[in-house]
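Engineer: I have a structure here, written as structure tokens, and I will follow up with some questions on it.
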Amino acid sequence: MKTTSVTTADLGASVLSVPPLARDAQGVPNKTENRRQVDWLRSGGVTTYLYGGNANLYNFGVMDFGRLLDMLEEIAPADGWMIPSIGADFGKAADQAAILRERAFPTAMVLPLSFPATPAGLASGFAKLADIMGRPLIAYIKNNGFMEAADIARLFRDGAISALKYAVIRPEPKDDPYLAAILEAVGSGERIVSGIGERPAIDHMEMGLTAFTSGSVCVAPHLSTAILKAGREGRFADARAIRESFLPLEDLRDAHSPIRVLHEAVRLAGICDTGPIGDFLTNLDGAERLEAITKAARELKSKCQGAAAAATPLRSASA
């Protein structure tokens, strides 16, 4: 498992997968099933595994956090980069950061808290959390104006954050004054990753962001890796053509909940048994809805397998 400090090369070396957390019938993380998910991702060139919203870590307790970290260490490939998430509230994040200080994980992502919080308060809180953990963190921005661009740049300069996951949804991703202000303040996009999956990722890479996070990569890692590779090589038309395969599942995620649809899609595609989704959320039901998810997930996985079989094995951007 990667234990060294986070570099710009690390951020661009792989799609940053954001998997669901497979749990057993009692809701306990299931090592066997989570390893099956990681192995499938690794077969498609994905070496970065970010456990956050799709894993429902917003609702994961501090008392069980150490056991979750144990599992992530155990299922990590030798070249795998495991990124746990902390928070979203400051008190919980501080307790988790203290646990992480004694572990080998090189960073953690701070889940975004929109209330009660202010931009200036978040900036000072991030600095405190990084000091508690003893390592830079990953910031996650989902809302316009979450933190001031100047404060984000300062957190980078001070070593409080090593990367930023940017996930503010826009009708036109390139028409984004907030992202433009962040890029200007920070100076480049080499430590900023697009955080909303394949749909806006190509536009964001054209704007200079270094890579992207994805949930649907958990179904089709070979294809998602191919999008990243094409984007980093400037073959944006090729990247957009590959992205078309993801849109049916992404449309369902947008319509019914990105977290809950992905949780079922991974199971229904036969990748691993994700089990119950965790507290404060419920697994999706409804025969018609589940049938649509099954169709989209299995078709996407089939296209991924076809692409892998038809060509020399797709490699990650670092290969």
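The values are calculated or read from the model by the stated rules, or taken from the named source; none is laboratory data. As the structure is a prediction and not an experimental result, all values here were calculated from the model. Ideal geometry is used to build each Cβ from the backbone, glycine not excepted, and the neighbour counts take in all protein chains shown.
Engineer: The conditions are (1) more than 16 Å from residue 45 (Cβ to Cβ); (2) touching a residue at least 24 places away in the same chain (Cβ under 8 Å), and residue 267 fails exactly one of them. Which is it?
Structural biologist: (2)
Engineer: Out of 73, 33, which single residue is among the acidic types (Asp, Glu), out of contact with any helix residue (DSSP H, G or I) (no Cβ under 8 Å at 6 or more places or on another chain) and buried (at least 20 other Cβ atoms within 10 Å of the Cβ)?
Structural biologist: 33
Engineer: How about the range 173-264: which helices (runs of 4 or more DSSP H) wholly inside it have at least 1 residues that are among the charged types (D, E, K, R) and without any contact (Cβ under 8 Å) to a residue 24 or more places away in the chain?
Structural biologist: Per the criteria, 236-243, 247-256.
Engineer: Take residue 22 and tell me if it is touching a residue at least 12 places away in the same chain (Cβ under 8 Å), crowded, with 18+ Cβ neighbours inside 10 Å and over 23 Å from residue 277 (Cβ atoms).
Structural biologist: No; evaluated as a whole, the condition is false for this residue.
Engineer: Sticking with this structure for a sec: Any idea which residue in the range 76-97 is surrounded by the most Cβ atoms within 10 Å (Cβ to Cβ), counting only those that are outside any loop (DSSP other than H, G, I, E, B) and hydrophobic (A, V, I, L, M, F, W, C)?
Structural biologist: Restricting to residues being outside any loop (DSSP other than H, G, I, E, B) and hydrophobic (A, V, I, L, M, F, W, C), the top hit is 86.
Engineer: A follow-up question, please. Report, by residue number, each residue of the range 26-36 that is farther than 18 Å from residue 2 by Cβ and not in a loop (DSSP other than H, G, I, E, B).
Structural biologist: Passing the criteria: 29, 31, 32, 33, 36.
Engineer: Given (1) of a type in the set (Val, Ile, Thr); (2) within 18 Å of the chain's Cα centre (by Cα); (3) crowded, with 22+ Cβ neighbours inside 10 Å, identify the lone condition not met by residue 169.
Structural biologist: (3)
Engineer: Counting only residues that are exposed (fewer than 15 other Cβ atoms within 10 Å of the Cβ) and over 21 Å from the mean Cα position of the chain (by Cα), which one in the range 182-196 is nearest to residue 149 (Cα to Cα)?
Structural biologist: Among residues in the range 182-196 that are exposed (fewer than 15 other Cβ atoms within 10 Å of the Cβ) and over 21 Å from the mean Cα position of the chain (by Cα), the one nearest to residue 149 (Cα to Cα) is 184.
Engineer: Here is a check on your reading of the model: is residue 208 touching a helix residue (DSSP H, G or I) at 6+ places or on another chain (Cβ under 7 Å) and on the phi > 0 side of the Ramachandran plot?
Structural biologist: Judged against the criteria, residue 208 is a match.
Engineer: While we're here: For the range 265-300, enumerate the residues that are in a loop (DSSP other than H, G, I, E, B) and of a type in the set (Val, Ile, Thr).
Structural biologist: 271, 274, 277, 282 - these are the residues of the range 265-300 that are in a loop (DSSP other than H, G, I, E, B) and of a type in the set (Val, Ile, Thr).
Residues checked against (1) within 30 Å of residue 10 (Cβ to Cβ); (2) surrounded by 18 or more Cβ atoms within 10 Å (Cβ to Cβ); (3) of a type in the set (A, V, I, L, M, F, W, C):
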site	(1), (2), (3)
221	yes, yes, no
235	yes, no, no
240	yes, no, no
250	yes, yes, no
259	yes, yes, yes
278	yes, yes, no
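Engineer: Go through the range 97-115 and report how many residues are over 24 Å from residue 77 (Cβ atoms) and either at pLDDT 95 or above or of a type in the set (Phe, Trp, Tyr) (or both).
Structural biologist: Residues that pass the stated criteria total 8.
Engineer: Another question about this same structure. As an exercise: evaluate residue 124 against (1) assigned to a loop (DSSP other than H, G, I, E, B); (2) without any contact (Cβ under 8 Å) to a residue 24 or more places away in the chain; (3) among the hydroxyl-bearing types (Ser, Thr, Tyr) and give the number of the one condition it does not meet.
Structural biologist: Single failed check for residue 124: (1).
Engineer: What about residue 138, is it of a type in the set (A, V, I, L, M, F, W, C), under 16 Å from the mean Cα position of the chain (by Cα) and not in a loop (DSSP other than H, G, I, E, B)?
Structural biologist: Here the answer is yes, as residue 138 does meet what is asked.
Engineer: Which number in (1) closer than 19 Å to residue 4 by Cα; (2) in contact (Cβ under 8 Å) with a residue 24 or more places away in the chain marks the one condition that residue 148 misses?
Structural biologist: For residue 148, the exception is condition (1).
Engineer: Got a number for residues in the range 104-131 being more than 19 Å from residue 55 (Cα to Cα) and aliphatic (A, V, I, L, M)?
Structural biologist: Counting residues in the range 104-131 that are more than 19 Å from residue 55 (Cα to Cα) and aliphatic (A, V, I, L, M) gives 8.
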